[in-house]
Amino acid sequence: MNFKKVFAMILAGLMALTVSLSFAGCGSNSGGSSSGGEKKPVKVSLAMLRLTSSAPLFIAMDKGYFKEEGIEIDPQWFDAAQPIAVATASSKVDVGATGITAGLYNMAAKGQKLYIVADKGREEKGYSSSALLASSAEYDNGLTSIEALKGKRVGITQKGSTFHYMLGRMLESKGLTLDDVTIVPLGKLSAVMAALQSGQIDACILNEPNITKVKNEGYGKEITQVSAVMPYQTSGIFYSPEFAKNKDAAVRFMKAYNKACNEYYNAVVDKKDPAKLDEVVKIIAKYVKTPEADIRLGLPYVDKNGVLMADDIKTQIDWYSSHGMIDGKLDAKDVVNTSFLEEAMKK
């Protein structure tokens, strides 16, 4: 064999090896996927409350939808909304699921990055989500309307909370203001319920399954559903600044969440299959630790695809600002980022 032929064979071998290595590089972990197209496993800490409106999250956890996307959920249980917003904004947790509060907007107004990415519950007529309740004694004495709240003690979790917002908006719908009532911040939902039961407050706003629990135990009666007074994006799914940087995992989280929202909507809103409704109720009851019968009486509305009612975020910011609860200027586009869900819905 002459030198030219040997050289040609060596050169061909080197070229083949180079091409082979190049293709191997294309199948690496770039973009969050492992070789062979598998999803790179990622652990995601998820902060939430034991509320019925978290149903799609419970479904996705229980039925393995997050697992299908290579996401291992580390659940972190909280007692109030504001601490979840703080933990998410500071990236102490990856994802937060709770009410959209003045505290959250304040952090954003001061330059703290935090993204509201999807719906987690809204006030929709015909679906029990949040309601104004009076103690049974006060109700029987005439506290049966929003107007009758004047001069009464109303319990909420915290100032600037979703409950504070709902109370203010409902009072204003009847020509009253927050100054017409005595607001009693009690820190957490269980304390609000205990205060209503003991007579330390005359009324409060609660959400499911607590509304049903209070009514069933007989110490509170419903004045009105919040949804009868106003549409409202009560709560959302938030991404921390650090988690949002991992676009691949962030989109995969939304893909699992979107699938669970579809399942919840079909079972609860469309009521397409009684067996599916039974299954959803059982899953919710397991996570919120409430009897299935109570869960069934208060199933809230969640958008079919988990799409955020983004226009309402501006309404909330304007209201909180006008009541001196936001220090600084804030535009809704600074806190809303629906791109992760939109990307997930394309896949």
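The values are calculated or read from the model by the stated rules, or taken from the named source; none is laboratory data. Worth saying up front: this structure is predicted, and the values here are computed from it rather than measured. All Cβ positions, glycine included, derive from the backbone under ideal geometry; neighbour counts span all protein chains shown. The protein model used for the area step is the full one, side chains on, heavy atoms only, and it has no ligands, DNA or RNA in it. Shrake-Rupley method; radii C 1.70, N 1.55, O 1.52, S 1.80 Å.
Look at (i) 126; (ii) 151; (iii) 143: the one that is volume of the Cα convex hull per residue in Å³ derived from this structure is (ii).
Leaving out same-chain residues fewer than 8 places away, which aspartates and glutamates sit with a Cα under 18 Å from that of K289? The reachable aspartates and glutamates, counting only those whose Cα sits under 18 Å from K289, are D62, D79, E208, E217, D278, E279. Sequence-distant contacts, meaning Cα pairs under 8 Å at least 6 residues apart, place the relative contact order of the stretch 81-156 at 19 percent. Bridge orientation summary for the stretch 94-251: considering DSSP beta bridges with both residues in this region, about 75 percent are antiparallel. In this view, the solvent-accessible surface of Y127, computed with a 1.4 Å probe and all protein chains in place, comes to about 50 Å². Counting only protein heavy atoms and using a 1.4 Å probe, what share of the accessible area of the chain belongs to carbon plus sulfur, as a whole percent? Carbon-and-sulfur percentage of accessible area, whole number: 52. When the Gaussian network model of the chain links Cα atoms closer than 10 Å, the mean-square fluctuations of T162, T224, T234 top out at T224.
Rounded to the nearest 500, the 222 nm mean residue ellipticity of the chain from helices alone is -13000 deg cm²/dmol, with -39,500 (n - 2.57) taken per DSSP H run of at least 4 residues. Among the listed pairs K271/K347; K245/K271; K152/K282; K259/K329, which have their C-alpha atoms separated by more than 29 angstrom in this model? From the list (K271/K347; K245/K271; K152/K282; K259/K329), the Cα-Cα distance tops 29 Å for K245/K271; K152/K282; K259/K329. Sorting E69, E138, E172 by solvent-accessible area of protein heavy atoms yields E172, E138, E69, largest first, with a 1.4 Å probe. Accessible surface area normalised per residue over the stretch 50-175 is 35 Å², counting heavy atoms of protein chains with a 1.4 Å rolling probe. Accessible surface area normalised per residue over the stretch 261-342 is 49 Å², counting heavy atoms of protein chains with a 1.4 Å rolling probe. Computed from point charges on the beta carbon alone (+1 for Lys and Arg, -1 for Asp and Glu), the dipole magnitude for the stretch 137-289 about its Cα centre is near 540 Debye.
In the chain, a dipole from Cβ-located charges (positive for Lys and Arg, negative for Asp and Glu) runs towards its positive end, and of L57, P41, N216 it is P41 whose Cα lies farthest in that direction.
Please get the size of the charge dipole for the chain, origin at its Cα centre, with Cβ charges of +1 on Lys and Arg and -1 on Asp and Glu, quoted in debye to the nearest 20.
1160
Here is the P(r) of the stretch 191-337: all C-alpha pair distances, binned every 5 Å from 0, give 2, 8, 12, 14, 17, 17, 15, 10, 4, 1, 0 in whole percents. Which residue, G103, G160, G126, tops the fluctuation ranking in a GNM of the chain built on C-alpha contacts under 10 Å? Checking each option, the largest mean-square fluctuation is seen for G126.
Relative contact order of the chain, taken over Cα pairs closer than 8 Å and 6 or more residues apart, is 26 percent. Counting only aspartates and glutamates at least 8 places from K304 when in the same chain, those with an alpha carbon closer than 15 Å to its own are D119, E123, E124, E263, D270, E342.
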